[in-house]
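S.K.: Starting off with a structure, shown below.
Where a number appears in this text, it was derived from the coordinates with a stated rule and is not lab data. Given the structure is predicted, the values throughout are model-derived calculations rather than measurements. All Cβ positions, glycine included, derive from the backbone under ideal geometry; neighbour counts span all protein chains shown.
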Amino acid sequence: MTQISSDLHDLTVAQLASLLSTRKVSAVETAQHFLTRASAHAQLGAFLDLQPDTTLAQARAADVRLADGSAGPLTGVPLAHKDIFVTRDFATTAGSRMLRGYKSPFDATVVAKLGAGVPGTPPGAGMVTLGKLNCDEFAMGSANENSAYGPVKNPWDTSCIPGGSSGGSAAAVAARLTPAATGTDTGGSIRQPASFCGVTGIKPTYGRASRYGMVAFASSLDQAGPLARSAEDCALLLGAMCGPDPDRDSTSLDLPTEDFCRNLNADLAGLRIGIPAEFFGDGLAPDVRAAVDAALKQLAQLGARLVPISLPRTELSIPVYYIIAPAEASSNLSRFDGVKFGYRAPQYTDLNDMYLQTRAQGFGDEVKRRIMIGTYVLSHGYYDAYYLQAQKIRRMIADDFQQAFKQCDVIAGPVAPTVAWKLGGHSDPLADYLADIFTLPASLAGLPGMSLPVGFGAGHLPVGMQLIGNYLGEARLLNVAHRFQQATDWHTAKPQGI
Ligand code: GLN
């Protein structure tokens, strides 16, 4: 027992679940172990809120279910949530000063499904919440440097960023402070930090997971998904997170909950993997290219066929995304007005001044920049020139994928042009935007995408490979990633000193 307990943090979700269900460890013991680690590694800046009493109460409830036979496959396994999901028992800040100390009266659907369950429905997965994880303010960013609560450090090199906006989630999983975490991906925020921190993450098809209780950034793009240390773990979590939520999110897909583990071991023989030429151009750093090329070779050895394809509008995804996402954000963030909830400026002269002071003080620079861009592109006279054009090109980008999927079953390429950069390394926000080039196309098309570790680049920093599937093709992506992980051990590498 002692040996098992000291190594609990090195176990995957699947391994922990098996120890818990056979009662070799208790949920309380497991939760305590991870809480101790989270405190011991506070310098990473990954956690924004820990409530040990709440966590241990959830763990005790899980132990009851494990004892009385009502447990599900994930009951008692700890996880932590990106601080963009509202939670009743933990503060929810969305990384913003605007929501400092905010307590939601309800849990997001994803949180409820993974935990005790959505009220009025059968019990949830019974996972135990360790706490809330740092993220870029309102999920806007690529480096986790836009959080009002300080940056997160990359466990592989603490002078580097972990990626964003789910930087706390990726860093906490990489540092083994939690076996798994939730994240959200609007333009790459699960895939890119997963890549930079050497963990596995998946963004499902738009609409797979309910957005109810996810603090909204860009509603036509936002999607929840898991980050963990293996494709198998992601499959387990994704199955517990997804499913229709018709009363609370009308954009959630009306499809039965799927078992994403069912095809994990399927043979890759004959699988056509599309390699988009535009993902391997001059902008791709040689170290990232080398690791991704080696991974593609490995997939070919596993029986897959590599097919050259083209996604001709890849470059346009940057201007298109940085029009549509800010436009939606400027509308979504209008609710933060100092009246309904959150921050209110302490001093003001009249109502208008109260709005101005509250928003000037409550929002950080990047959020203000996006609100200004969004309001501009939606304004009379510019709507047609910018917003409408962007919507048209968005459709063309989605069509390009459908053309590509006539030639291949899955698309593979890099997640980001480089490995993680230094904290403070990008002084110009445009540099962050440009680094999103490979993740934005799938987001704009609403397609599932994932990142899995495939090696190391400059400075021994992790490199991720991206897999993009057609709509509802998550099981296939997880199958490819799982087979790769069965044949390699990049996903088991561990940062030094952790
Ligand atoms: N980096 C992108 C942005 O800043 C994506 C963020 C996200 O996916 N939440 O908007």
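S.K.: If I model a spin label at ASP68 and ALA290 as a point 7 Å from the Cα along the Cα→Cβ vector, what separation in nanometres do I get?
M.R.: Reported label-point gap for ASP68 and ALA290 is 5.8 nm.
S.K.: Then there is this: Rounded to the nearest 20 debye, what is the charge dipole size of the chain about its Cα centre when +1 sits on each Lys and Arg Cβ and -1 on each Asp and Glu Cβ?
M.R.: Details: 41 positive and 45 negative charges, 60 e Å.
Roughly 280 debye, rounded to the nearest 20.
S.K.: Could you tally the net charge around PHE363, taking each other residue with its Cβ under 15 Å from the Cβ of PHE363, Lys/Arg +1 and Asp/Glu -1? Provide the component values of the computation, followed by the final result.
M.R.: Values: positive: ARG97, ARG100, ARG335, ARG344, ARG359, LYS368, ARG369, ARG370; negative: ASP136, GLU137, ASP337, ASP365, GLU366.
For residues surrounding PHE363, the net value is +3.
S.K.: Where in segment 313-360 are there chymotrypsin sites (Phe, Trp or Tyr not before Pro) that are in a DSSP coil and have at most 16 other Cβ atoms within 10 angstrom of their Cβ? It would help to have the intermediate numbers written out before the result.
M.R.: On the way: sites: TYR321, TYR322, PHE336, PHE341, TYR343, TYR348, TYR355; in loops: PHE336, PHE341, TYR343, TYR348.
The qualifying sites are PHE341, TYR348.
S.K.: Here is a follow-up. Along segment 339-344, what does the Karplus equation 6.51 cos²θ - 1.76 cosθ + 1.60 (θ = phi - 60°) give for ³J(HN,Hα), rounded to whole Hz, x for Gly and Pro?
M.R.: Ordered by residue, 3J(HN,Hα) equals 9, 6, 7, x, 5, 9 Hz.
S.K.: Right, next: For segment 147-297, with the dipole built from +1 on Lys and Arg beta-carbon atoms and -1 on Asp and Glu ones, taken about the Cα centre, which of ALA171, PRO256, SER230 lies farthest toward the positive end?
M.R.: Positive-end residue among those listed: ALA171.
S.K.: Decide, for segment 402-459, between rounded, prolate and oblate: order the square roots of the alpha carbon gyration tensor eigenvalues as a ≥ b ≥ c, take rounded if a/c falls under 1.5, and otherwise choose prolate if a/b is larger than b/c, else oblate.
M.R.: It is oblate, given that a/c is not under 1.5 and a/b is not larger than b/c.
S.K.: Would you calculate, for the chain, the mean residue ellipticity at 222 nm contributed by helices, counting each DSSP H stretch of 4 or more residues as -39,500 (n - 2.57) and dividing by all residues, to the nearest 500? Before the final figure, lay out the partial values.
M.R.: On the way: 16 runs with 177 residues, N = 498.
So the helix-based figure for the chain works out to -11000 deg cm²/dmol.
S.K.: For segment 448-455, what does the Karplus curve 6.51 cos²θ - 1.76 cosθ + 1.60, with θ = phi - 60°, yield as ³J(HN,Hα) per residue in whole Hz, taken in order and with x for Gly and Pro?
M.R.: Along segment 448-455, the couplings run x, x, 9, 10, 9, x, 10, x Hz.
S.K.: Could you pull out the trypsin sites (Lys or Arg not before Pro) across segment 311-376 that fall in loop regions by DSSP (anything but H, G, I, E, B) with no more than 10 other Cβ atoms inside 10 Å?
M.R.: On the way: sites: ARG313, ARG335, LYS340, ARG344, ARG359, LYS368, ARG369, ARG370; in loops: ARG313, LYS340, ARG344.
Counting only loop positions with at most 10 other Cβ atoms within 10 Å, the trypsin sites (Lys or Arg not before Pro) in segment 311-376 are LYS340.
S.K.: Ok, one more. For segment 347-420 and segment 5-24, what is the separation of their C-alpha centers, rounded to whole Å?
M.R.: If we compute the Cα centre of each part, the gap is 41 Å.
S.K.: Averaging sequence separations of C-alpha pairs under 8 Å and six or more residues apart, then dividing by the length of segment 1-94, give the relative contact order as a whole percent.
M.R.: Values: 75 pairs, mean separation 30.3, N = 94.
Averaging sequence separation for qualifying contacts and normalising by length gives 32 percent for segment 1-94.
S.K.: Also, quick follow-up: How many nm separate the modelled label positions at THR22 and LEU430, each set 7 Å beyond the Cα in the direction of the Cβ?
M.R.: Reported label-point gap for THR22 and LEU430 is 5.8 nm.
S.K.: Testing the spin-label approximation: label points 7 Å from Cα along Cα→Cβ at SER159 and LYS392. State their distance in nm.
M.R.: The two pseudo-label positions are separated by 4.9 nm.
S.K.: Could I ask something else about it? Measuring from a point 7 Å past the Cα of LEU302 along Cα-to-C-beta, which residues in segment 461-482 have an amide N at less than 19 Å?
M.R.: 463-470, 473-482
S.K.: Further question: In this model, which of LYS24/LYS82; LYS82/LYS113; LYS132/LYS153 are farther than 18 Å apart at the alpha-carbon?
M.R.: Working: LYS24/LYS82 29 Å; LYS82/LYS113 15 Å; LYS132/LYS153 16 Å.
As for pairs spanning more than 18 Å Cα to Cα, those are LYS24/LYS82.
S.K.: So, one more: Hey, fewest Cβ within 10 Å first, where do THR488, THR358 land in order?
M.R.: Numbers: THR488 16, THR358 21.
Result, fewest neighbours first: THR488, THR358.
S.K.: Under 1.5 on a/c is rounded, so check that first for segment 228-307, then, if it is not, pick prolate when a/b is larger than b/c and oblate when it is not; a ≥ b ≥ c are the square roots of the alpha carbon gyration tensor eigenvalues. It would help to have the intermediate numbers written out before the result.
M.R.: Values: a/c = 2.44, a/b = 1.77, b/c = 1.38.
Verdict is prolate for segment 228-307.
S.K.: Using a 7 Å offset from Cα along Cα-Cβ at TYR348, what residues in segment 121-165 end up with backbone N under 13 Å from the label point?
M.R.: From segment 121-165, the list is empty.
S.K.: May I ask what percent, to the nearest 5, of DSSP beta bridges between residues of the chain are antiparallel? Don't skip to the answer; put the middle values down first.
M.R.: On the way: 29 of 41 bridges.
If I count the DSSP bridges inside the chain, around 70 percent turn out antiparallel.
S.K.: Turning to a different aspect of this structure: Calculate the length of the line joining the C-alpha centroid of segment 182-257 to that of segment 75-126, in whole Å.
M.R.: First find each Cα centre; the distance between them is then 14 Å.
S.K.: Kindly put THR178, THR22, THR87, THR12 in sequence by how many other C-beta atoms sit within 10 Å of each C-beta, fewest to most.
M.R.: Exposure proxy ranking, most exposed first: THR22, THR12, THR87, THR178.
S.K.: Ok, one more. Between VAL339 and LEU356, 0.36 nm times their residue separation minus their Cα-Cα distance comes to what?
M.R.: 4.9 nm
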